[in-house]
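Some notes on the structure that comes next.
The values are calculated or read from the model by the stated rules, or taken from the named source; none is laboratory data. Everything numeric here is computed off the predicted structure, so don't read it as measured data. Here the Cβ is made from the backbone with ideal geometry for all residues, glycine too, and neighbour counts use every protein chain on show.
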Amino acid sequence: MKRLIPLLAAALTLPCTALAANDGTLDTSSLGTLNINLTVTASKNIRISGFTDVALDFNRYEGAPAEDVQNICVYMDQPGTYNLNIVAATLSDTVNDFPYTYTYKDTNDANKVLRETVSDTDSSGDLQDLTPSQDANCSNGSPATFGLVLAGTPSVATEGTAEAIITMTVTPN
């Protein structure tokens, strides 16, 4: 073991030569070499943005729905389509669950709408083959809208705050 440590230290101090192309020599046969470096990049990168936290204010005496609609930007750096998965948690305080509906609409295709109601259990939904924006800031128009509606007054509603998290995952095709 005592001999191995000085040998290892000596080996680490040896100069390393970088690999480089070598031409062959003039002879009856000649050998040339070259190195290949391949860099693989993702063919499609995608980003979802435009979210703002939602603060619904529900007045239980008026009974009007509490709503929020947001423009969502889904940008992809290459032409193509994307798939969407939404997982929505139950909106609840420490005692009560408050049913709500969420809607995701691809404004490039009016037929591609996801509408789910979340009541006492988490909910998830999927849409496929949606059209993203080719503009990173969606300044040419938002390719999607996301809406929330708390439609009715729960009979057990008391003053306070309820919370939930909605997760959206977009993946390029």
Q: Sort out which residues of the stretch 75-95 are surrounded by 14 or more Cβ atoms within 10 Å (Cβ to Cβ) and over 16 Å from Ile165 (Cβ atoms), and write them in order of number.
A: Tyr75, Met76, Asp77, Gly80, Thr81, Tyr82, Asn83, Leu84
Q) Being among the charged types (D, E, K, R) and free of Cβ contacts under 8 Å to residues at least 60 places away in the same chain, is that true of even one residue in the stretch 130-148? A) no
Q | Qualifying positions in the stretch 37-57 - of a type outside the set (Asp, Glu) and at pLDDT 85 or above | A | Lys44, Asn45, Ile46, Arg47, Ile48, Ser49, Gly50, Phe51, Thr52, Val54
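Confirm whether Asp126 is more than 14 Å from Gly50 (Cα to Cα), exposed (fewer than 14 other Cβ atoms within 10 Å of the Cβ) and touching a Leu at 6+ places or on another chain (Cβ under 8 Å). I'd like the intermediate steps shown before the answer.
Working: more than 14 Å from Gly50 (Cα to Cα): yes; exposed (fewer than 14 other Cβ atoms within 10 Å of the Cβ): yes; touching a Leu at 6+ places or on another chain (Cβ under 8 Å): yes.
Judged against the criteria, Asp126 is a match.
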